[in-house]
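Heads up, the thing below is written out as structure tokens.
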Amino acid sequence: MAFTKITPKTVAPASPDLLFRELPRRKFPDVLPHQQAMMQRYAAEAEGASDVALQLPTGSGKTLVGLLIAEWRRRKNKEKIVYLCPTRQLVHQAVAQAEQKYGLAVVGFTGSQRDYSASDKAKYNQGDCVAITTYSSLFNTNPYFSDADVIIVDDAHAAENYVAKMWTLSIDRLDHSHTTLHEVLSSIFEPHIDSTSYTRMTGEWDSPSDLSWVDKIPTPVLLDIHDEIVSVLDTYTKGTNLQYSWGLIRNHLRSCHVYLSFSGIVIRPIIAPTWDLPAFNNPKQRIYMSATLGEGGDLERLMGRKNILRLPVPDGWDLQGVGRRFFMFPSLSLDYEQEIQLRRSLLKKAQRSLVLVPSDRMKNEISEDINEHLSLTVFSAEDIEQSKEDFIKSTGSVAVVANRYDGIDFPGDECRLLCIEGLPKAVNSQERFFMSRMGANILFNERIQTRVLQAIGRCTRSLEDYSAVVVTGDELPDYLSDPRRRNYFHPELQAELWFGVEQSKDKDISDFEDNFDVFIENGATWESVNQMIVDQRNASIKTPFPGIEQLANAVKYEVEYQMAMWQQDYTEAVASAESVIGVLTDSQLGGYRALWEYLAGSAATLAVSAGNAAFSVKALEHYATAKKAAKGIPWLVQLSQQSQPGMEGAEDDGNNALVMFQVEKIEAILSSLGTRHDRNYSQREREILEGLNDDSKFEESHKLLGEHLGFDAGKIEIDGSPDPWWQLGDHCVVFEDHANANETSTLDTTKARQAASHPAWMKANVPSCIPKNVEIMPVLVTPVSAASSGAMPHLVSVSLWKLPDFKKWASDAMLTIRELRKTFIEPGDLVWRAEAASVLQTRGFDMVSLTAYLKSQIARYLLVERKL
């Protein structure tokens, strides 16, 4: 008989926690008390809310809570429920947990829609099973799950890039299929940006700050070139992987922002317009689950929602961390080669290890190193995507995973060693622009902390777990080891970090190895050591991030601003931006407030273009206020000058903007050299100062000195080329180094003619590196006091920098940068920027002061004429 037995409709209990007891295949008797409390509170307070967030810490079983809520609603209301995970690996993991641990019947959907089975689709569409799938299955132009009643977003803290990606056009300079489009757009932008920015955008420049450089096309400029950009993108995206995202933002380009970086061009709105996606906007409810929801409105910004009802962490879970982590910071004691040796040794000691890295290049390098030096099996992300069973059943194995700092869980004995090689704080161009150019770091405090917490917690998923965490790379060791940031963490983590830092000082490789052995053994010796961490935890208090309440109060208006911009209601957008500004009164929010003054001015500019001429005054006022709100932001000064050409004080503003550009570049140098110890910085300092006293290294050290002081420095070794040049804005100093001469020597005609010809050489040979209206000043660095008669006519336009004076200036300048470094924490600190700019100007180490001094040192009048 082919007839199917029809199961009668089941009656749902009063709350999701009671449902668990009715599941005969469950592997444990009941939910835990904190899970019960969260589900009962949801049933009592949040069942009818359109957007609700559940905070459940790592190890508290949030997957079970989410799936039980989903199943409860499905049975109670016969609703179609979609449970979203960031990756396919997490979909498979959630499905396995539901089936094997909880006794829940669910269906998982990964891959292409055409590969979904008819049976699984029927189960979902008839409301017979909860569907578990990826973010990307919903956030696309043709989602299969277009009519769900409830959307559950697991790991909501990881959603931003998956969600925003749908409305983001990313043109990768290094992607061959994007090359022509990138070149055409670059040519459109070229007249509207300075020459240095253009060369960086096109990949022609090579300086330490290139990789972190980011800029933005101002909205008034975007408005002028709008039609040309649309025409180009219509033509060049057709038939490419860019056509879908371009199609979504094409009619909203004026509401987007264009970011330029060394790696590519990104066009996107500030906040993802999720209200424009029916599959996400139309369900009765959206539930967001995360271990770290934050208190400053970041979840609303990530998901494009004005108000999200929060159900906070259950009582008691804020008092203790999850598991035990033993942090090791090798770079506090070891050099780079020793760090690699230690990593190899620890990987050999551990049965299974996880290595997280920020790029495929680094993944390949570490995998090759393991294959070459260790007899260990290397697993990739692809190897563990479908299932991690092969990995956790193996011994002598290492999983090396790139660009995945969350979502891969290895609890218990599955993995006891986690190595994290770098963790970029900013993961996209918009974040980098806000943080490094706008000084709005404070906006991302919670987001960065969440990323860090997710990364370091991959192998500690429950109270009984323990894992060693080896932290290397550039930004992450600085972030975690800095005591000035530590009090913002959970007390347990504060204590673990304090202990890890103290145990990483003045150690050799054998010390690290011995400590690792004691920790992994987890015996009586470690028990006594662990008490130090517990005592420190009990003495630690978590401090809220500054400005967090005002950020939370502003987010509603931020989303309203983006909604109005998306609908081209620019007058309403101005009003919403002004509401944001009204909330952001904390002095520490100066950079973010300045950003919103700019956005208000941009909306007003668009209102004028739409025919409301009265808003022209508002636009100018907001741009000017933006500049005043954060004087440490040269980008805003430049924009204000463009908006109000010829205004009073423009020259002072220009000089201030120039020194602030210099400070930004110094920030990039200091950040790249690290702040947790002096070793890298001192090595660079020594290379420069010793090189200036070595004739064979003088020219290279001269170039490095310019970079260290925040100038764009260059040098090309071809016939007739000058020695280094230093350039900033519309000032360029090009040098002829004559350092190997004797003090009693006479400068000959050839050397004088060569120095005088350098400006012409620069314009002819490196025009892409030099702004069109730049003032190029030739400077002769030499110990000589006399020049031949034939040399004198060529020295009328050449400045003289006596070698002893130059070396003294260089030594003082390096000392000044070292002093500034003592108070430097991270790029974007507006207070530090203001202090650094003042010190540079007062001591004469800014470009304007330097060129003013050199203009007074004309070689023709300072060298004695000597007839030969």
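The values are calculated or read from the model by the stated rules, or taken from the named source; none is laboratory data. Predicted model, so just to flag it, every value in this text is computed and none were measured. Backbone-built Cβ (ideal geometry, glycine too); neighbour counts: all protein chains shown. Side chains are part of the model used for accessible areas, which takes the heavy atoms of the whole protein and leaves out ligands, DNA and RNA. Shrake-Rupley method; radii C 1.70, N 1.55, O 1.52, S 1.80 Å.
Which of the residues spanning the stretch 203-215 are open to solvent by 10 Å² or more (accessible area, probe 1.4 Å) and within 26 Å of Ile270 (Cβ to Cβ)?
Residues satisfying the conditions are Ser209, Leu211, Ser212, Trp213, Asp215.
Give the stretch 458-470 a look and list any residue that's in contact with a strand residue (DSSP E or B) (Cβ under 8 Å, 6 or more places away or on another chain) and either modelled with pLDDT under 80 or in a loop (DSSP other than H, G, I, E, B) (or both), or say none.
Passing the criteria: Arg458, Cys459, Thr460, Asp465.
Looking at the stretch 563-585 only, could you name the residues that are over 24 Å from the mean Cα position of the chain (by Cα) and not in a helix (DSSP H, G or I)?
Gln567, Gln568, Asp569, Thr585
Find the residue count for the stretch 297-334, including only residues that are of a type outside the set (Lys, Arg) and modelled with pLDDT of 90 or more. Can you show your working first?
Residues of the stretch 297-334 that are of a type outside the set (Lys, Arg), as a first pass: 297-300, 302-304, 307-309, 311-323, 326-334.
Restricting the remaining residues to those that are modelled with pLDDT of 90 or more gives 297-300, 302-304, 307-309, 311, 326-334.
The qualifying residues number 20.
I'd like the full set of residues that are open to solvent by less than 10 Å² (accessible area, probe 1.4 Å) and within 24 Å of Val774 (Cα to Cα), limited to the stretch 724-754.
Step one: of the stretch 724-754, the residues open to solvent by less than 10 Å² (accessible area, probe 1.4 Å) are 724-728, 732-736, 747, 752.
Within the stretch 724-754, Pro724, Trp725, Trp726, Gln727, Leu728, Cys732, Val733, Val734, Phe735, Glu736, Ala752 qualify.
Just one of the numbered conditions (1) hydroxyl-bearing (Ser, Thr, Tyr); (2) over 30 Å from Asp678 (Cβ atoms); (3) assigned to a helix (DSSP H, G or I) is not true of Ser811; which one?
Result: Ser811 fails condition (2) only.
Every residue, every condition in (1) in contact with a His (Cβ under 9 Å, 6 or more places away or on another chain); (2) within 25 Å of Pro57 (Cα to Cα); (3) outside the structural domain of Ile509 (by the TED database), yes or no:
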| position | (1), (2), (3) |
| --- | --- |
| Tyr336 | no, no, no |
| Arg344 | yes, no, no |
| Met362 | no, no, no |
| Ile366 | no, no, no |
| Ile392 | no, yes, no |
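Only one of (1) out of contact with any Cys (no Cβ under 6 Å at 6 or more places or on another chain); (2) of a type in the set (A, V, I, L, M); (3) crowded, with 20+ Cβ neighbours inside 10 Å; (4) farther than 30 Å from Leu56 by Cα is not met by Val232, so which one is it?
So the condition that Val232 fails would be (3).
Under 6 Å between Cβ atoms, at least 6 apart or on separate chains: pull out the pairs that start in the stretch 813-839 with a residue that is open to solvent by less than 10 Å² (accessible area, probe 1.4 Å) and end on any residue that is of a type in the set (Lys, Arg) and in a helix (DSSP H, G or I).
From the stretch 813-839, the pairs are Thr816/Arg843.
Mind checking which residues of the stretch 11-32 are under 19 Å from Leu463 (Cβ atoms) and either aliphatic (A, V, I, L, M) or surrounded by 12 or more Cβ atoms within 10 Å (Cβ to Cβ) (or both)?
Asp30, Val31, Leu32
Does at least one position in the stretch 272-293 carry a residue that is open to solvent by 10 Å² or more (accessible area, probe 1.4 Å), farther than 30 Å from Gln35 by Cβ, hydrophobic (A, V, I, L, M, F, W, C) and touching a Leu at 6+ places or on another chain (Cβ under 6 Å)?
The answer is no, given that none of the residues of the stretch 272-293 is open to solvent by 10 Å² or more (accessible area, probe 1.4 Å), farther than 30 Å from Gln35 by Cβ, hydrophobic (A, V, I, L, M, F, W, C) and touching a Leu at 6+ places or on another chain (Cβ under 6 Å).
If a residue has to be in a helix (DSSP H, G or I) and either surrounded by fewer than 22 Cβ atoms within 10 Å (Cβ to Cβ) or aliphatic (A, V, I, L, M) (or both) to count, how many in the stretch 162-188 make the cut?
Counting residues in the stretch 162-188 that are in a helix (DSSP H, G or I) and either surrounded by fewer than 22 Cβ atoms within 10 Å (Cβ to Cβ) or aliphatic (A, V, I, L, M) (or both) gives 18.
Scanning the stretch 518-537 for residues that are in contact (Cβ under 8 Å) with a residue 12 or more places away in the chain and over 17 Å from Glu502 (Cβ atoms), which turns out least open to solvent (accessible area, probe 1.4 Å)?
The extreme case among them is Ile520.
Do we have any residue at all in the stretch 42-51 that's of a type in the set (S, T, N, Q) and modelled with pLDDT under 90?
no
Which condition does Ser436 not pass, out of (1) open to solvent by 10 Å² or more (accessible area, probe 1.4 Å); (2) over 30 Å from Ala159 (Cα atoms); (3) in a helix (DSSP H, G or I), if it passes all the others?
Failed condition: (2).
Taking the stated definitions as given, is Glu707 of a type outside the set (Gly, Ala, Ser) and either touching a helix residue (DSSP H, G or I) at 6+ places or on another chain (Cβ under 6 Å) or not in a helix (DSSP H, G or I) (or both)?
No: the conditions fail for Glu707.
Taking Ser701 as meeting all but one of (1) closer than 23 Å to Thr196 by Cα; (2) open to solvent by 60 Å² or more (accessible area, probe 1.4 Å); (3) hydroxyl-bearing (Ser, Thr, Tyr), write down the number of the exception.
So Ser701 meets the others, but not (2).
Which residues, counting only those in the stretch 660-704, are assigned to a loop (DSSP other than H, G, I, E, B) and of a type outside the set (Ser, Thr, Tyr)?
Once the filter is applied, which keeps residues that are assigned to a loop (DSSP other than H, G, I, E, B) and of a type outside the set (Ser, Thr, Tyr), the stretch 660-704 yields Gly674, Arg676, His677, Asp678, Leu692, Asn693, Asp694, Asp695, Lys697.
If you take the residues of the stretch 541-569 that are surrounded by fewer than 21 Cβ atoms within 10 Å (Cβ to Cβ) and of a type in the set (Gly, Ala, Ser), which of them is modelled with the lowest pLDDT?
Residue satisfying both the conditions and the ranking: Ala552.
Looking only at the stretch 100-114, decide whether some residue is closer than 23 Å to Ala279 by Cβ, small (Gly, Ala, Ser) and modelled with pLDDT under 95.
Yes, the conditions are met somewhere in the stretch 100-114.
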